[in-house]
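**Student:** Just passing along the structure, written as structure tokens.
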Amino acid sequence: MAEKMEPRSPRLGRPPTITSEQIVDEAKRQLQSGGADALSMRALAKSLGTTPMALYRHVGDKEQLISAVLDVYSQDLGALVLPQDQVERLRTIFSAIFETLASERWIIELLQRGGRGGGGAVVLVDRAMAACVELGMSPRRALLVYRALWNYTLGALLNIYDTTTRPEGSVSPLAVKIREIGPEKLPVLSEVLEDWPGGTTTESYLEGLEVLISGYTNSDKE
């Protein structure tokens, strides 16, 4: 009599094959939907139906993955067509940076935590500094001008994000403080209080950008 065969346990197959491009795309999707805190290698592996080790083999650690996401996202910035005029070039570069980051808060979160900017963004940094050098500035002064314009841009973006968390129609905390102190101690601020913006807008950002660029570039011509 033939022996009864025991049923074999199903063999565990390998995790599904994935590519670096798929990992970067899914990481970008999670960053866009949940911000920097939403991204973890474990959660990313689960959503892709694979293991964390498979992710590490393809893209390295989390910091390397974030760098890859920023590289992909900044490609369009690196390919931006820039005007020949140096001053107009600066306007174009920082307007593009502002427009991109205003719609992608997660990038600012990553940069605030010490993340490296994407390759395309680094190209724009070089182009902005080159415009300053062409206007007669030393490379060191060009770097200082770039940093000043970037800090202004970052501050404007953080102001926008702060405004989105406040109830619609609410008054700026600074405007409230100006009213509390009063015109006797703050005559100039009180005078412009009625025109005090509720928060940064694209229009007000561009207006301030123009003031800064004109000031820096004209001072080097004198």
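**Student:** Considering S219, S204, S190, which residue is at pLDDT below 90 and farther than 26 Å from E88 by Cβ?
**Tutor:** On the way: S219 fails: farther than 26 Å from E88 by Cβ; S204 fails: farther than 26 Å from E88 by Cβ.
Only one candidate passes the filter, namely S190.
**Student:** Condition check: open to solvent by 30 Å² or more (accessible area, probe 1.4 Å), in a helix (DSSP H, G or I), at pLDDT 85 or above and not basic (K, R). Does V81 satisfy that?
**Tutor:** Working: open to solvent by 30 Å² or more (accessible area, probe 1.4 Å): yes; in a helix (DSSP H, G or I): no; at pLDDT 85 or above: yes; not basic (K, R): yes.
So V81 fails the test.
**Student:** Report, by residue number, each residue of the stretch 130-151 that is buried (at least 18 other Cβ atoms within 10 Å of the Cβ) and either assigned to a helix (DSSP H, G or I) or in contact with a helix residue (DSSP H, G or I) (Cβ under 6 Å, 6 or more places away or on another chain) (or both).
**Tutor:** A131, C132, L135, A142, V145, Y146, L149
**Student:** May I pose another question? Is the stretch 43-54 home to any residue that is in contact (Cβ under 8 Å) with a residue 24 or more places away in the chain, of a type in the set (G, A, S) and open to solvent by 20 Å² or more (accessible area, probe 1.4 Å)?
**Tutor:** Let us first name the residues in the stretch 43-54 that are in contact (Cβ under 8 Å) with a residue 24 or more places away in the chain, namely 48-51, 54.
Now drop any that are not of a type in the set (G, A, S), which leaves 49, 54.
Now narrow it down to the ones that are open to solvent by 20 Å² or more (accessible area, probe 1.4 Å): 49.
Yes, the stretch 43-54 contains at least one residue that is in contact (Cβ under 8 Å) with a residue 24 or more places away in the chain, of a type in the set (G, A, S) and open to solvent by 20 Å² or more (accessible area, probe 1.4 Å).
**Student:** Hey, another quick one. Please specify each residue of the stretch 84-113 satisfying the condition of being within 23 Å of T202 (Cα to Cα) and not in a helix (DSSP H, G or I). Break it down stepwise before answering.
**Tutor:** Kept after step one, since they are within 23 Å of T202 (Cα to Cα), are these residues of the stretch 84-113: 85-112.
Residues satisfying the conditions are D85, S103, E104.
**Student:** Regarding the stretch 65-78, can at least one residue be identified that is closer than 16 Å to T17 by Cα and open to solvent by less than 40 Å² (accessible area, probe 1.4 Å)?
**Tutor:** Start the filter on the stretch 65-78 by keeping residues that are closer than 16 Å to T17 by Cα, which leaves none.
No, the stretch 65-78 has no match at all.
**Student:** Next question. Quick check, is G119 open to solvent by less than 40 Å² (accessible area, probe 1.4 Å) and modelled with pLDDT under 95?
**Tutor:** On the way: open to solvent by less than 40 Å² (accessible area, probe 1.4 Å): yes; modelled with pLDDT under 95: yes.
Yes; evaluated as a whole, the condition is true for this residue.
**Student:** Which of (1) modelled with pLDDT under 95; (2) open to solvent by 40 Å² or more (accessible area, probe 1.4 Å) is the odd one out, the single condition E88 does not satisfy?
**Tutor:** So the condition that E88 fails would be (1).
The values are calculated or read from the model by the stated rules, or taken from the named source; none is laboratory data. Since the structure is predicted, the reported quantities are computational estimates derived from the model, not experimental observations. Note that we place each Cβ from the backbone using ideal geometry, even for glycine, and neighbour counts take in every protein chain shown. Just the protein is used for accessible areas: all its heavy atoms, side chains included, with ligands, DNA and RNA removed. Shrake-Rupley method; radii C 1.70, N 1.55, O 1.52, S 1.80 Å.
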